[in-house]
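Presented below is the structure to which this report refers.
Read-outs throughout are calculated quantities, based only on the coordinates presented, and are distinct from any laboratory measurement. The model shown is predicted, which means the values in this text are computed figures rather than measured ones. Cβ: placed from backbone, ideal geometry, glycine included. Neighbour counts: every protein chain shown.
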Amino acid sequence: MGGHYLDIRLRPDPELAPHHLLAGLYARLHRALVQSARDDIGVSFPAHDERLPSLGDHLRLHGPEASLAALMGAHWLDGMHDHLRVGEIAPVPASALHRPVSRVQARSSSDRLRRRAMRRHGFDAEVARQRIPDSAAQRLRLPFVVIGSRSTGQPAFPLFIRHGPLSPDPVPGTFNSYGLGREATVPWF
């Protein structure tokens, strides 16, 4: 993983809530990562707060300097500059720790679990309802952004994001089209 980063901060806007601006920014980033087929750019949200839960108003991109420069040259932020403060690409501080930033998927809704059981196991609706109570669905209390998928065509859904434990050592790896990794870490400072 490259040793550079770039900060993008949301400007306060009296007409748009920060989570709406962040969703728009993140959707544009996702499109740019899909179009460029990059797997060496990761993201983090330095102002995230899992107690609220909120991703905050600060998106940080991580990667090799050349990859970040190519991404920023793709004009994916056109039309959003009035809502953003975009920093410069800079080297990661030597004192940075590292952490994984990954997607967390909840177990499906009870209705979806029932439909799947009916399809896979041949249950009728009543048996599926008895075997899979409403309480079977998992509720996540993590920060999320509502986004659609350009790579799969999936309509808007909540993308839950977990900032994992801090470590002094980086873990190399690749990032998906949302800039999230399974094992790969990003610098944290």
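List of remarks:
- Placing unit charges on the Cβ atoms of the charged side chains and taking the dipole of the chain about its Cα centre, the candidate lying farthest along the positive direction among Met80, Leu22, His121 is His121.
- By average C-beta atoms within 10 angstrom, highest first, the peptides 25-31, 9-15: 25-31, 9-15
- Order by protection proxy (mean Cβ within 10 Å, highest first), peptides 175-181, 81-87: 175-181, 81-87
- Span-like helix ranges in the chain, DSSP H, alpha carbon extent 18 angstrom or more, Kyte mean at least -0.5: 18-36
- Positive-pole candidate from His58, Leu159, Leu71, dipole of the chain, charges at beta carbon: Leu159
- Bins of 5 Å from zero: percent of alpha-carbon pairs in the chain: 1, 8, 14, 18, 18, 14, 9, 6, 5, 4, 2, 0
- The listed peptides 40-48, 161-169, ordered by packing as a protection proxy, come out as 40-48, 161-169 (highest mean of other Cβ atoms within 10 Å first).
- Estimated dipole of the chain in Debye, rounded to 20 [Cβ of Lys and Arg +1, of Asp and Glu -1, Cα centre]: 1000
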